[in-house]
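K.L.:
The structure follows.
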Amino acid sequence: MSKRVFLIVLDSCGIGEMPDAPLFGDHDCHTLKRISGSPEFRFESMKKMGVGNIDGQDYLPAEPEPLAAVCRIAERSMGKDTTIGHWEIAGVVSPSPLPTYPNGFPREVLDEFEKATGRGVLCNLPYSGTDVIRDYGEEHIKTGKLIVYTSADSVFQIAAHEDHVPLEELYECCRKARKILCGKHAVGRVIARPFVGEPGNFTRTSNRHDFSLEPPRKTLLDALKEEGKTVYAIGKINDIFAGRGITEKVYTHGNTEGMALTLDALDRDFEGLCFTNLVDFDMLYGHRQNVDGYAAAFAEFDRWLPSFTEKMRDDDILFITADHGCDPGDSHTDHTREHIPLVVYGKSVAPVNLGTRRGFCDIAATIADYLGSGYRGEGTSFLPLVKRPDETEKALCRAAFEAMRKAYIPYSGYSVGAAALTGSGKIYSGCNIENASFTPTVCAERTAIFKAVSEGERVFKAIAVCGGKGFEVRDVFPPCGVCRQVMAEFFPKDAPVLLMTGEDTFERHTLAELLPFSFDPGYMET
Ligand code: THU
């Protein structure tokens, strides 16, 4: 069966301010806590997932037997907007925020824009979209100058009357602006805002069009597409990534449709990622400071969730997260610098609480790891920490435990067993073999590995190790330094090392973790 990941972003559903929130003008912000006080709030499915167990959510009921792996994640990027948040989720950290223009765009930008378009500019201030056409529409018609305005977001918006500036020309002006707005003036979006009507009665049309900034580096989406996998974008995901790394897209008219389309996607056969953004939380309720509306939208999602999870296939994993905060009850209408929640649910995922992590990009690394993609981006995969044992891992553990019984241990009394999985899919096991003169003693790991190598095997994928006094496994028995060095010769750095804690239980580690900065064949000229 094909592996599928469903990644749903509850736009702006932050779960508590980050330590650096004051740098972003935010104090006492906590989007989820704020809406949890509303009578509209519903917390049943998300409670079962374990959202109440996440760090800092003690105002919510905890779940003793959660269904999902959960954690809280701090943003590494220096921003709190949708674009930067989603890029980080997709593996790219932004060291500086996208530029905003509270006093309008500088002359140098406008000069270039006027030269390129052959039209002058009106307004050039942060403005409401409806007010700006009321106040400047008539002058625009008379002079042919374009209405340029911005907002608290990183946007360059151009309004023009459809009868006086043909749509295609307006779009072309936007493309020219997009080219000019790069480097330090790389705004998140250039937006065409066409309108119609007579003075005093202007209305905006549905021909709005966004020209987004491309991600500055390769994202998870780019990698998956290159590798021939599906990247299905629902809602504004396509715009956020400027269409890059997407194989199929569908726009929505809000959360209800976004959820319906995501549910429908479960019926499609594909291998890869279905990436949904639910925008209403932010657009309709966060910015408009509507606590009850936000809570009701959250309740709608909470009610919908079981309909999705019950249709999931065995190889599907669902990630639910957010891109920033937008506390509807704090002192301003802007986004808030908050941690985001992460819920990871699926048959193959164990309900581990991962605490607090740093970097939304760990989501990209984990999804890539699960889908077998080579991409890691700037994050670290936590898949080894949440993946349930698969059949191969169980077989490895059984083989290690059986080998342990054959240990030759007249001197130490410690028995050790190891089982290595090779590239050909075979399992080679071994035990420790002691010696009266002590130093010739060979550890279990090396017995197993050398047996395989002497049979012609050169590629290894994983190893399980167990050991203890007598012939019992009570706790992990980690490989010695020499065995780690031998593993570094034959195993890839991210090869799982299963340290058994009992007859059929283990902790999953990696070789890189056991032997960082190792001296391996990569340093030898051959
Ligand atoms: N031993 C192993 O088999 N593997 C290791 O990596 C650590 C140590 C064995 C060697 C010896 O027979 C016994 O454990 C006590 O050191």
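The values are calculated or read from the model by the stated rules, or taken from the named source; none is laboratory data. Quick caveat, the model's predicted, so the values are computed rather than measured. Reconstructed Cβ throughout: ideal geometry from the backbone, glycine too, with neighbour counts over all protein chains shown. Note: accessible area is taken over every heavy atom of the protein model, side chains too, but ligands, DNA and RNA are not part of it. Shrake-Rupley method; radii C 1.70, N 1.55, O 1.52, S 1.80 Å.
K.L.:
Looking at (1) surrounded by fewer than 19 Cβ atoms within 10 Å (Cβ to Cβ); (2) among the hydrophobic types (A, V, I, L, M, F, W, C); (3) at pLDDT 95 or above, which one does C13 not meet, given that it meets all the others?
P.N.:
Of the numbered conditions (1) surrounded by fewer than 19 Cβ atoms within 10 Å (Cβ to Cβ); (2) among the hydrophobic types (A, V, I, L, M, F, W, C); (3) at pLDDT 95 or above, the odd one out for C13 is (1).
K.L.:
Could you identify the single residue in P479, P492 that is in a loop (DSSP other than H, G, I, E, B) and under 32 Å from the mean Cα position of the chain (by Cα)?
P.N.:
Only one candidate qualifies: P492.
K.L.:
Being of a type outside the set (D, E), more than 22 Å from A403 (Cα to Cα), over 26 Å from the mean Cα position of the chain (by Cα) and within 15 Å of the ligand (Cβ to nearest atom) narrows it down to one residue among L499, L515; which is it?
P.N.:
Details: L499 fails: more than 22 Å from A403 (Cα to Cα).
Checking each option against the conditions leaves just L515.
K.L.:
Looking at the stretch 281-295, is at least one residue farther than 19 Å from V51 by Cα and either of a type in the set (F, W, Y) or outside the structural domain of M259 (by TED's automatic domain parsing) (or both)?
P.N.:
First, pick out the residues of the stretch 281-295 that are farther than 19 Å from V51 by Cα: 282-293.
Add one more test, that the residue is either of a type in the set (F, W, Y) or outside the structural domain of M259 (by TED's automatic domain parsing) (or both), and what stays is 285.
Yes, the stretch 281-295 contains a residue that is farther than 19 Å from V51 by Cα and either of a type in the set (F, W, Y) or outside the structural domain of M259 (by TED's automatic domain parsing) (or both).
K.L.:
If a residue counts only when it is open to solvent by less than 70 Å² (accessible area, probe 1.4 Å) and of a type in the set (G, A, S), which strands (runs of 3 or more DSSP E) contained entirely in the stretch 121-236 have at least 2 such residues? First the steps, then the outcome.
P.N.:
Details: elements: 121-126, 146-150, 155-161, 189-198, 201-204, 209-212, 230-234.
Strands (runs of 3 or more DSSP E) meeting the threshold: 155-161, 189-198.
K.L.:
Next question. Could you check the stretch 30-56 and list, in sequence order, the residues that are touching a strand residue (DSSP E or B) at 6+ places or on another chain (Cβ under 7 Å) and either farther than 20 Å from L305 by Cα or of a type in the set (V, I, T) (or both)?
P.N.:
Result: H30, T31, V51, I54, D55, G56.
K.L.:
Residues of the stretch 426-454 being farther than 14 Å from I409 by Cα and among the aromatic types (F, W, Y), which ones?
P.N.:
Y428, F450
K.L.:
Please tell me if M487 is open to solvent by less than 40 Å² (accessible area, probe 1.4 Å) and either assigned by TED's automatic domain parsing to the domain that holds D369 or more than 11 Å from the ligand (Cβ to nearest atom) (or both). Can you show your working first?
P.N.:
Working: open to solvent by less than 40 Å² (accessible area, probe 1.4 Å): yes; either assigned by TED's automatic domain parsing to the domain that holds D369 or more than 11 Å from the ligand (Cβ to nearest atom) (or both): no.
No, not satisfied.
K.L.:
Which condition number in (1) assigned to a loop (DSSP other than H, G, I, E, B); (2) in contact (Cβ under 8 Å) with a residue 24 or more places away in the chain; (3) open to solvent by 10 Å² or more (accessible area, probe 1.4 Å) is the one that R72 fails?
P.N.:
With (1) assigned to a loop (DSSP other than H, G, I, E, B); (2) in contact (Cβ under 8 Å) with a residue 24 or more places away in the chain; (3) open to solvent by 10 Å² or more (accessible area, probe 1.4 Å) applied to R72, the lone miss is (1).
K.L.:
Just checking, does the stretch 113-120 include any residue being among the acidic types (D, E), exposed (fewer than 15 other Cβ atoms within 10 Å of the Cβ), over 32 Å from the mean Cα position of the chain (by Cα) and not in a strand (DSSP E or B)?
P.N.:
Within the stretch 113-120, the subset among the acidic types (D, E) is 114.
From the residues that got through so far, the ones that are exposed (fewer than 15 other Cβ atoms within 10 Å of the Cβ) too are none.
Checked the stretch 113-120: no residue is among the acidic types (D, E), exposed (fewer than 15 other Cβ atoms within 10 Å of the Cβ), over 32 Å from the mean Cα position of the chain (by Cα) and not in a strand (DSSP E or B).
K.L.:
Looking at the stretch 58-67, can you tell me whether even one residue there is open to solvent by less than 10 Å² (accessible area, probe 1.4 Å) and touching a residue at least 60 places away in the same chain (Cβ under 8 Å)? Explain how you work it out, then say what you get.
P.N.:
The initial filter retains those residues of the stretch 58-67 that are open to solvent by less than 10 Å² (accessible area, probe 1.4 Å), namely none.
Checked the stretch 58-67: no residue is open to solvent by less than 10 Å² (accessible area, probe 1.4 Å) and touching a residue at least 60 places away in the same chain (Cβ under 8 Å).
K.L.:
Just checking, does the stretch 253-271 include any residue being open to solvent by less than 10 Å² (accessible area, probe 1.4 Å) and outside any helix (DSSP H, G or I)?
P.N.:
Yes, because at least one residue in the stretch 253-271 is open to solvent by less than 10 Å² (accessible area, probe 1.4 Å) and outside any helix (DSSP H, G or I).
K.L.:
I've got another one for you. Which of the residues belonging to the stretch 1-10 are farther than 30 Å from Y294 by Cβ and either in contact with a helix residue (DSSP H, G or I) (Cβ under 9 Å, 6 or more places away or on another chain) or open to solvent by less than 10 Å² (accessible area, probe 1.4 Å) (or both)?
P.N.:
Taking the stretch 1-10 as the starting set, the residues that turn out to be farther than 30 Å from Y294 by Cβ are 1-3.
If the condition is that a residue be farther than 30 Å from Y294 by Cβ and either in contact with a helix residue (DSSP H, G or I) (Cβ under 9 Å, 6 or more places away or on another chain) or open to solvent by less than 10 Å² (accessible area, probe 1.4 Å) (or both), then K3 is the only one that fits.
K.L.:
Something else now. Suppose the filter is within 27 Å of the chain's Cα centre (by Cα) and of a type in the set (S, T, Y); does T219 pass it? Spell out how you get there, then give the answer.
P.N.:
On the way: within 27 Å of the chain's Cα centre (by Cα): yes; of a type in the set (S, T, Y): yes.
The answer is yes for T219.
K.L.:
Which residues, counting only those in the stretch 80-99, are in contact (Cβ under 8 Å) with a residue 60 or more places away in the chain, assigned to a loop (DSSP other than H, G, I, E, B) and not charged (D, E, K, R)?
P.N.:
If the condition is that a residue be in contact (Cβ under 8 Å) with a residue 60 or more places away in the chain, assigned to a loop (DSSP other than H, G, I, E, B) and not charged (D, E, K, R), then A90, G91, V92, V93, S94, L98, P99 are the ones that fit.
K.L.:
Also, quick follow-up: Pick from the stretch 428-442 the residues that are within 13 Å of the ligand (Cβ to nearest atom) and buried (at least 22 other Cβ atoms within 10 Å of the Cβ): which of them is nearest to K406 (Cα to Cα)?
P.N.:
Filtering first and then ranking leaves C431.
K.L.:
Also, I was wondering about something else. Assess whether G456 counts as being part of a loop (DSSP other than H, G, I, E, B), closer than 24 Å to K394 by Cβ and without any contact (Cβ under 8 Å) to a residue 12 or more places away in the chain. Spell out how you get there, then give the answer.
P.N.:
Values: part of a loop (DSSP other than H, G, I, E, B): yes; closer than 24 Å to K394 by Cβ: no; without any contact (Cβ under 8 Å) to a residue 12 or more places away in the chain: yes.
Against the criterion (part of a loop (DSSP other than H, G, I, E, B), closer than 24 Å to K394 by Cβ and without any contact (Cβ under 8 Å) to a residue 12 or more places away in the chain), G456 does not qualify.
K.L.:
Report yes if some residue within the stretch 413-423 is of a type outside the set (A, V, I, L, M, F, W, C), out of contact with any Gly (no Cβ under 7 Å at 6 or more places or on another chain) and modelled with pLDDT under 95; otherwise report no.
P.N.:
Scanning the stretch 413-423, I find at least one residue that is of a type outside the set (A, V, I, L, M, F, W, C), out of contact with any Gly (no Cβ under 7 Å at 6 or more places or on another chain) and modelled with pLDDT under 95, so the answer is yes.
K.L.:
Sticking with this one: Among the residues that make up the stretch 374-390, is at least one of them modelled with pLDDT of 95 or more and either open to solvent by less than 60 Å² (accessible area, probe 1.4 Å) or of a type in the set (G, A, S) (or both)?
P.N.:
yes
K.L.:
Of the numbered conditions (1) touching a helix residue (DSSP H, G or I) at 6+ places or on another chain (Cβ under 7 Å); (2) near the ligand (Cβ under 10 Å from one of its atoms); (3) under 28 Å from T380 (Cβ atoms); (4) part of a helix (DSSP H, G or I), A418 fails exactly one; give the number of that condition.
P.N.:
All conditions are met except number (4).
K.L.:
Please indicate, with yes or no, whether at least one residue in the stretch 451-458 is closer than 28 Å to D390 by Cα, touching a strand residue (DSSP E or B) at 6+ places or on another chain (Cβ under 7 Å) and within 13 Å of the ligand (Cβ to nearest atom).
P.N.:
Taking every residue of the stretch 451-458 in turn, none turns out to be closer than 28 Å to D390 by Cα, touching a strand residue (DSSP E or B) at 6+ places or on another chain (Cβ under 7 Å) and within 13 Å of the ligand (Cβ to nearest atom).
K.L.:
Quick one: which residue in R405, R376, R398, R388 is in contact with a helix residue (DSSP H, G or I) (Cβ under 6 Å, 6 or more places away or on another chain) and of a type in the set (K, R)? Spell out how you get there, then give the answer.
P.N.:
On the way: R405 fails: in contact with a helix residue (DSSP H, G or I) (Cβ under 6 Å, 6 or more places away or on another chain); R398 fails: in contact with a helix residue (DSSP H, G or I) (Cβ under 6 Å, 6 or more places away or on another chain); R388 fails: in contact with a helix residue (DSSP H, G or I) (Cβ under 6 Å, 6 or more places away or on another chain).
After ruling out the rest, the residue left standing is R376.
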